[in-house]
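Read through the structure below, which is laid out as structure tokens, and then see the notes.
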Amino acid sequence: MEYISAPEAAKKWGISERRVQKLCEENRIPGVSKLGYMWLIPKNSEKPIDGRHTRRKIKDGENN
């Protein structure tokens with residue numbers, strides 16, 4: 001299996017390297033492993049869905 005590093009995944013997915021590291025720490029990317037301080041991410045992995053954002057309901061009369 002081929003692997004890429006966190007910086008390579010960050011560039012591929014258009015997110016920060018730190019965000020990729022957090023996704024790895026939270027086991028949100030299947031098949032990752034850690035070698036020393038470096039995360040190894042399977043080359044064919046897809047970017048996980050960002051679960052941090054939620055939809056807000058707009059109250060009647062608010063125009064933000």
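The values are calculated or read from the model by the stated rules, or taken from the named source; none is laboratory data. These figures come from a predicted structure and were not determined experimentally. For neighbour counting, all protein chains shown are included, and Cβ atoms are generated from backbone atoms with ideal geometry for every residue, glycine included. Side chains included, ligands, DNA and RNA excluded: accessible areas come from the protein's heavy atoms. Shrake-Rupley method; radii C 1.70, N 1.55, O 1.52, S 1.80 Å.
Filtered by the rule that a residue be open to solvent by 100 Å² or more (accessible area, probe 1.4 Å) and among the aromatic types (Phe, Trp, Tyr), the stretch 4-47 gives a lone residue, 37.
Among all residues of the stretch 11-34, there is at least one that is outside any helix (DSSP H, G or I), of a type in the set (Gly, Ala, Ser) and in contact with a strand residue (DSSP E or B) (Cβ under 6 Å, 6 or more places away or on another chain).
Within the stretch 7-24, the set of residues being of a type outside the set (Lys, Arg) and over 10 Å from the mean Cα position of the chain (by Cα) comprises 7, 8.
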